[in-house]
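Engineer: Before anything else, here's the structure in question.
The values are calculated or read from the model by the stated rules, or taken from the named source; none is laboratory data. Worth saying up front: this structure is predicted, and the values here are computed from it rather than measured. Here the Cβ positions follow ideal geometry from the backbone for every residue, glycine too, while neighbour counts run over all protein chains shown.
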Amino acid sequence: MKIISPAALIFCVSLAAIAPPAAYAQFEDADIPATLLRPTRTTNGQNIAFCVNTTSILADFDRAVASEIASALLIEHEIVEVVADGTPPAAYDFRLPLYESEIYLALAHRCDVLMGYTQLANYPDWLTLTPPYLTTHTVLAVRAGEEGGADPLAPGRAVGSRFLSMADSTMLRHLQVMPESEQWQRIIYPDHGILIERLLDGSVDSILVWEPAIRTYIEDHPEAEGIEIISDLPFDVPATEFGMVMLRSNDFLHSTMTEAVVELTADGTFDRVAASHGLVSSDR
């Protein structure tokens, strides 16, 4: 990988601190002091600060990714933990509990890069996103041995999903075009933790679930090792991909982070780290 010189990083990150913020007009009417709308984040060229969503089950993985990127660039790094005050975390999830204004203030004053930003989300034009460093999928989970040879998606079977998830919306569209006699029962739950518990207590026959959630839950709960994970689904659920965001005014930093992500994806570094954190299958 090409190494970015400290002088170049000094220029690229400091530039964002003096350029007029593109988001200023958007937040003028918000309850934010005008002095906070102008970015002050600078670096000495030897250090990059990565904001990490501590409520996400990807938090430890994101810290490891930040370390790999800093190592590849031969720079120091620091982790800045971010979480919205008073917002309870969603169990076994990745959702970022921050308003746009809170994301802007974090990037303007506390860190250079925000980790764990899902590429399915709509993001404002004052942000720029790197290619994904993690691609995750939806799987079908059943109680191992209990289903025997039966189809877990057979007509009348109870299938759980997390409400407002990509898996749930995709399943709903699939059911709407199926003959009623062939449909299974769709049962929704508010978060992945409850969803998995309802599988274990027999409330549902199977669940459509985000793969990192079910794998992390099994790691945390040895008694759940009897769950079988099935990767092949009867319909396509779009992958959930995660990248890093930063202020769009910092073009050079974006170019640097993009190059690092592309290189470390291509050599398998991120897949190895994701497997070591139990987020994906180790044979991926």
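Engineer: Could you list, in sequence order, the residues of the range 231-279 that are of a type in the set (S, T, N, Q) and out of contact with any helix residue (DSSP H, G or I) (no Cβ under 6 Å at 6 or more places or on another chain)? Walk me through how you get there before you give the answer.
Structural biologist: So in the range 231-279, the residues of a type in the set (S, T, N, Q) come out as 231, 240, 249-250, 255-256, 258, 265, 269, 276.
Passing the criteria: S231, T240, S255, T256, T258, T265, S276.
Engineer: Grab the strands (runs of 3 or more DSSP E) fully contained in the range 203-284, keeping just those with 3 or more residues being out of contact with any Ser or Thr (no Cβ under 8 Å at 6 or more places or on another chain).
Structural biologist: Values: elements: 206-210, 227-230, 240-247.
Hits in the range 203-284: 227-230.
Engineer: I would also like to ask the following. Could you check the range 205-218 and list, in sequence order, the residues that are surrounded by fewer than 22 Cβ atoms within 10 Å (Cβ to Cβ) and either of a type in the set (A, V, I, L, M, F, W, C) or at pLDDT below 90 (or both)?
Structural biologist: I218
Engineer: While we're looking at this one, here's another question. What is the residue count in the range 240-251 for residues that are of a type in the set (A, V, I, L, M, F, W, C) and either farther than 15 Å from L107 by Cα or free of Cβ contacts under 8 Å to residues at least 12 places away in the same chain (or both)?
Structural biologist: In the first step, residues of the range 240-251 are kept if they are of a type in the set (A, V, I, L, M, F, W, C); the result is 242, 244-247.
In the following step, the residues that additionally are either farther than 15 Å from L107 by Cα or free of Cβ contacts under 8 Å to residues at least 12 places away in the same chain (or both) were identified as 242.
Of the residues in that region, 1 qualify.
Engineer: To continue, here is another question. Taking the criterion of being buried (at least 19 other Cβ atoms within 10 Å of the Cβ), over 26 Å from A91 (Cβ atoms) and in the same structural domain as I48 (by TED's automatic domain parsing), would at least one residue in the range 236-243 satisfy it?
Structural biologist: Step one: filter the range 236-243 for residues buried (at least 19 other Cβ atoms within 10 Å of the Cβ), giving 237, 240, 242-243.
This time we only want the ones that are over 26 Å from A91 (Cβ atoms), so: none.
No, because not a single residue in the range 236-243 is buried (at least 19 other Cβ atoms within 10 Å of the Cβ), over 26 Å from A91 (Cβ atoms) and in the same structural domain as I48 (by TED's automatic domain parsing).
Engineer: Taking the range 190-201 only, how many residues are out of contact with any strand residue (DSSP E or B) (no Cβ under 6 Å at 6 or more places or on another chain), touching a residue at least 12 places away in the same chain (Cβ under 8 Å) and not hydrophobic (A, V, I, L, M, F, W, C)?
Structural biologist: At the first step, the residues of the range 190-201 found to be out of contact with any strand residue (DSSP E or B) (no Cβ under 6 Å at 6 or more places or on another chain) are 190-191, 193-194, 196-197, 200-201.
Cutting the leftovers down to touching a residue at least 12 places away in the same chain (Cβ under 8 Å) gives us 190-191, 193-194, 196, 200.
Subsequent filtering for residues that are not hydrophobic (A, V, I, L, M, F, W, C) retains 190-191, 193.
Number satisfying all stated conditions: 3.
Engineer: Looking at G278, G202 in this structure, which one is among the small types (G, A, S), at pLDDT below 95 and exposed (fewer than 14 other Cβ atoms within 10 Å of the Cβ)? It would help to see each step written out before you state the result.
Structural biologist: Values: G278 fails: exposed (fewer than 14 other Cβ atoms within 10 Å of the Cβ).
That would be G202, the only listed residue that is among the small types (G, A, S), at pLDDT below 95 and exposed (fewer than 14 other Cβ atoms within 10 Å of the Cβ).
Engineer: For the range 101-152, how many residues are farther than 24 Å from D236 by Cα and either at pLDDT 85 or above or over 17 Å from the mean Cα position of the chain (by Cα) (or both)? Steps first, answer last, please.
Structural biologist: Keep residues of the range 101-152 that are farther than 24 Å from D236 by Cα, which gives 101-115, 123-130, 145-146, 148.
The next check asks that each one be either at pLDDT 85 or above or over 17 Å from the mean Cα position of the chain (by Cα) (or both); those that pass are 101-115, 124-130, 145-146, 148.
Counting residues in the range 101-152 that are farther than 24 Å from D236 by Cα and either at pLDDT 85 or above or over 17 Å from the mean Cα position of the chain (by Cα) (or both) gives 25.
Engineer: Still on this structure: What do you reckon, is T170 β-branched (V, I, T), out of contact with any strand residue (DSSP E or B) (no Cβ under 9 Å at 6 or more places or on another chain), outside the structural domain of P131 (by TED's automatic domain parsing) and buried (at least 16 other Cβ atoms within 10 Å of the Cβ)? Let's see the steps before the verdict.
Structural biologist: Numbers: β-branched (V, I, T): yes; out of contact with any strand residue (DSSP E or B) (no Cβ under 9 Å at 6 or more places or on another chain): no; outside the structural domain of P131 (by TED's automatic domain parsing): yes; buried (at least 16 other Cβ atoms within 10 Å of the Cβ): yes.
So T170 does not fit the description; no.
Engineer: Separate question: Which number in (1) polar (S, T, N, Q); (2) in a helix (DSSP H, G or I); (3) buried (at least 16 other Cβ atoms within 10 Å of the Cβ) marks the one condition that S71 misses?
Structural biologist: Condition not satisfied by S71: (3).
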